[in-house]
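First the structure, which I've put down as structure tokens, then a few questions once you've had a look.
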Amino acid sequence: MIRFENVSVTYDAAAEPAVDGVDFEVPEGELVLLVGPSGVGKSTVLGAVSGLVPHFTGGTLRGRVTVAGRDTRTHKPRELADVVGTVGQDPLSHFVTDTVEDELAYGMESLGLAPDVMRRRVEETLDLLGLAGLRNRPIATLSGGQQQRVAIGSVLTPHPKVLVLDEPTSALDPAAAEEVLAVLQRLVHDLGTTVLLAEHRLERVVQYADRVALLPAPGARPILGTPAEMMAVSPVYPPVVALGRLTGWSPLPLTIRDARRRAAPLRERLAGTAGVAGPTPRGEAPPPGPSASRPAVPAPRRFLRRPSAPGVPSSHPTAVVASLAVRRGRVEALRHVDLTVAPGETVALMGRNGAGKSTLLAALVGLVEPARGSVRVGGAVPHRTAPRELVRRVGLVPQEPRDLLYAETVAAECAAADRDAGAAPGSCRALVSELLSDVPDDTHPRDLSEGQRLALALAVVLTARPPLLLLDEPTRGLDYAAKARLVAVLRGLAADGHAIVLATHDVELAAELAHRVVILADGEVVADGPTAEVVVASPSFAPQVTKVLAPQRWLTVGQVREALSS
């Protein structure tokens, strides 16, 4: 169905090809997962299937890409639209209508389908993706994850033979991601749809793949094989594979179920050691952990207004939210929210798409005004504080990092950040290099991958080193190595006394980094407690290691490695 024949793509003014020697085939009715570190050209490969590369991106494509027999060099994207459905990393750039239902119907209207067919398919897709309750909502009022589901739905309704998806679950909560992937699997198995997708959160998708195409490095030829074969050699791999590598399991497990079946000897080795209860604020010694063999203690349903994580001073909190309610149009996005964040504390906000996580961050940075209650950051009321003064107290990295970027090159962006923050020249650039090492100074921000753009935006905000740092889905587009570097940077900031609040669907990030987890549902706080207590008790938000080794209380592969080596 999809055939790459010795394909290379070189963008204008680039010294080296973005991808080179791509030569593989995706048969009809297979789901092929494209993996590799950030910046190796996964989005370029996907764009070549839909014709966006090179017809819209520019540059030179050598070799040949055919889809259902059509050569993408001679067929522009609109001439492939009846065969290929594409969802990119940025759903906002995908939309052409105002409401959910209209967006789901638009692609079918363009293809001239009959009204009764369109109506039936819209209803089917609303149900498949859990969007029925949002059918009349303006797209602009949806959360990032809800928008992602609408974007996926809009390419499903025309029933294309090929689906090309770039980071399809990056903005979705764990339950919604499972639903979307289950839909894709049904399309592959029942309808013979061919799916090519790229995804950094391999813990979510690798078990669904028929085959994996690995791009190991920029310009390197892809390697094709079964998921187990590729995970054995891939530089990027999920925690369950990392656990298998650590323990020498062969073949490597790809699912929680496979790993649990082999984990009994490992649990015996770990018995009697202390399960680590999560990160410890400001470099202090960790509190005594519960026995690793002790069953997880369910987190109470509601912990409101906890002063701080254990060991964090609470006399001078960085941020205090009291009885907060926020309305967005007719929707009450937050209600009765209480939250206190102490210096040196990292708090993960989690919950379903649309639960109110981004709205809470917006209230902390003064972008929305409370309908009731109060928000204070360092003693200031954010929505009443002048921007020049507020940036010295709080910094926000939004879901769309391009909103922070306006210069023509990475170097100019970093120089401006240094000036605005009053930092030493080179401070911002050093942070970019910590997160992603291979970003040239003369690159335009729009030419960066989603992950690279996020790293640049993070560096711009971190340059000012605000006492309160807010991050909205900070690991979208980041591979595991880049995420580890981000974790190291954020841990360093927390150790220096910076408070960090991040809204995330990345349960592995929360396990690695957060002192506390706050779960929101329908605008309310339903749980607030130490990371180990909250995530261990939650089937949806527990990390892979926790699920494999339950009832022992372990969160990360690093904790297991340390215990085995001691």
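Just the ratio, please: alpha-carbon radius of gyration of the stretch 439-480 over 2.2 N^0.38 Å, N its number of residues.
Working: Rg = 11.2 Å, N = 42, 2.2 N^0.38 = 9.1 Å.
Here the Cα radius of gyration is 1.23 times the empirical estimate.
What list of ³J(HN,Hα) values in whole Hz, one per residue of the stretch 384-389 in order, does the Karplus curve 6.51 cos²θ - 1.76 cosθ + 1.60 (θ = phi - 60°) give from phi, with Gly and Pro shown as x?
With the stated coefficients, the stretch 384-389 comes to 10, 9, 4, x, 4, 7 Hz.
Moving on to the next point. What figure in square angstrom, to the nearest 10, would you give for the accessible area of Ser566 with a 1.4 Å probe?
120 Å²
For the stretch 169-278, max minus min Cα coordinate along each principal axis, in Å, sorted largest first?
Largest first, the stretch 169-278 extends 49, 34, 25 Å along its Cα principal axes.
Enumerate lysine pairs in the chain that are 8 or more residues apart or on different chains, then count those whose Cα atoms are under 24 Å apart.
For the chain, the number of qualifying lysine pairs is 6.
Quick one: Cα centre-to-centre distance for the stretch 318-363 and the stretch 398-435, in angstrom?
27 Å
While we're looking at this one, here's another question. Starting from the Cα-Cα distance between Arg135 and Asn6, subtract it from 0.36 nm times their residue separation and give me the gain in nm to one decimal. Mind showing how you got there, number by number?
Values: separation 129, 0.36 × 129 = 46.44 nm, distance 4.36 nm.
Contour length minus Cα-Cα distance gives 42.1 nm.
Check which residues have an amide H placed less than 5 Å from Ala521's amide H, if you skip close sequence neighbours.
Val526
If you don't mind, another one. With just the Cα atoms of the stretch 317-391, tell me how far they stretch along each of the three principal axes, in Å, largest first.
Computed over the Cα atoms, the extents are 31, 25, 19 Å.
Also, quick follow-up: For Glu533, Glu562, give the ranking by accessible area with the largest first, probe 1.4 Å.
Glu562, Glu533
So, one more: Give the residue list of chymotrypsin sites (Phe, Trp or Tyr not before Pro) in the stretch 1-60 that are DSSP loop and have at most 14 other beta-carbon atoms within 10 angstrom.
Within the stretch 1-60, the qualifying chymotrypsin sites (Phe, Trp or Tyr not before Pro) (loop, at most 14 other Cβ atoms within 10 Å) are Phe56.
Taking all pairs of distinct Cα atoms, average 1/r, flip it, and tell me the Kirkwood hydrodynamic radius of the chain in Å to one decimal place.
Averaging 1/r across every pair of different Cα atoms and inverting gives 24.5 Å.
Then there is this: So what are the ³J(HN,Hα) numbers for the stretch 410-426, from phi and the Karplus equation (6.51, -1.76, 1.60; θ = phi - 60°), rounded to whole Hz, Gly and Pro as x?
Values, residue by residue: 4, 4, 5, 4, 5, 4, 5, 5, 4, 5, 4, 8, x, 9, 5, x, x Hz.
What's the local net charge at Arg137, with K and R +1, D and E -1, over the other residues with C-beta under 14 Å away? Write out the running numbers ahead of the final one.
Values: positive: Arg135, Arg149, Arg328, Arg330; negative: Asp98, Glu101, Asp102, Glu103.
Local charge sum for Arg137: 0.
On to the next question. Rounded to the nearest 0.05, what FRET efficiency do Arg262 and Tyr406 give with R0 = 60 Å and r taken as the Cβ-Cβ distance? Could you check?
E between Arg262 and Tyr406, to the nearest 0.05, is 0.70.
Using only Cα positions of the stretch 81-203, each an equal point scatterer, no hydration layer, compute I(q)/I(0) via Debye at q = 0.11, 0.16, 0.18, 0.21 Å⁻¹ and quote the log10 values to two decimals.
Calculated log10 I(q)/I(0) at the listed q: -0.32, -0.70, -0.91, -1.30.
For Ser358, Ser565, Ser234, give the ranking by accessible area with the largest first, probe 1.4 Å.
Numbers: Ser358 45, Ser565 95, Ser234 5 Å².
Final ranking, largest accessible area leading: Ser565, Ser358, Ser234.
Under the rule of at least 5 residues apart or a separate chain, name every residue whose amide H is placed under 5 Å from the amide H of Ala333.
Val326, Arg327, Arg328
Right, here's the next one. Take the solvent-accessible surface of the protein heavy atoms, probe 1.4 Å, and return the percent of it on the chain that carbon and sulfur atoms account for.
Ligands and nucleic acids excluded, carbon and sulfur give 51 percent.
Tell me, what is the per residue accessible area of the chain in Å², probe radius 1.4 Å?
Working: 22630 Å² over 566 residues.
On a per-residue basis, 40 Å².
Right, something else. Enumerate the calculated ³J(HN,Hα) couplings along the stretch 3-18 in order (Karplus 6.51 cos²θ - 1.76 cosθ + 1.60, θ = phi - 60°), each rounded to whole Hz, writing x wherever the residue is Gly or Pro.
These are the phi-based 3J(HN,Hα) values: 9, 9, 10, 6, 8, 10, 10, 10, 7, 4, 6, 7, 6, 10, x, 5 Hz.
Let me know the longest stretch in the chain that avoids all trypsin sites (Lys or Arg not before Pro) found in a DSSP loop with at most 12 other C-beta atoms within 10 Å.
That would be 1-300.
May I pose another question? Tilt of helix 450-463 relative to the longest C-alpha principal axis of the chain, in degrees (0 to 90, nearest 10)?
30 degrees
Near the amide H of Leu396, under 5 Å away, which other amide H atoms are found, from residues 5 or more places off or on another chain, if H is placed in the peptide plane?
When sequence neighbours closer than 5 places are left aside, the close amide H contacts are Leu470.
What FRET efficiency comes out for the pair Arg392/Glu28, r = Cβ-Cβ distance, R0 = 60 Å, nearest 0.05?
Calculated value: 0.55.
The values are calculated or read from the model by the stated rules, or taken from the named source; none is laboratory data. All of these numbers come straight from a predicted model, not from anything done at the bench. Because the Cβ atoms are built from the backbone with ideal geometry, glycine has one as well, and the counts that use them run over all protein chains shown. Each accessible area value is taken on the protein alone, full model and side chains, heavy atoms only, with ligands, DNA and RNA left out. Shrake-Rupley method; radii C 1.70, N 1.55, O 1.52, S 1.80 Å.
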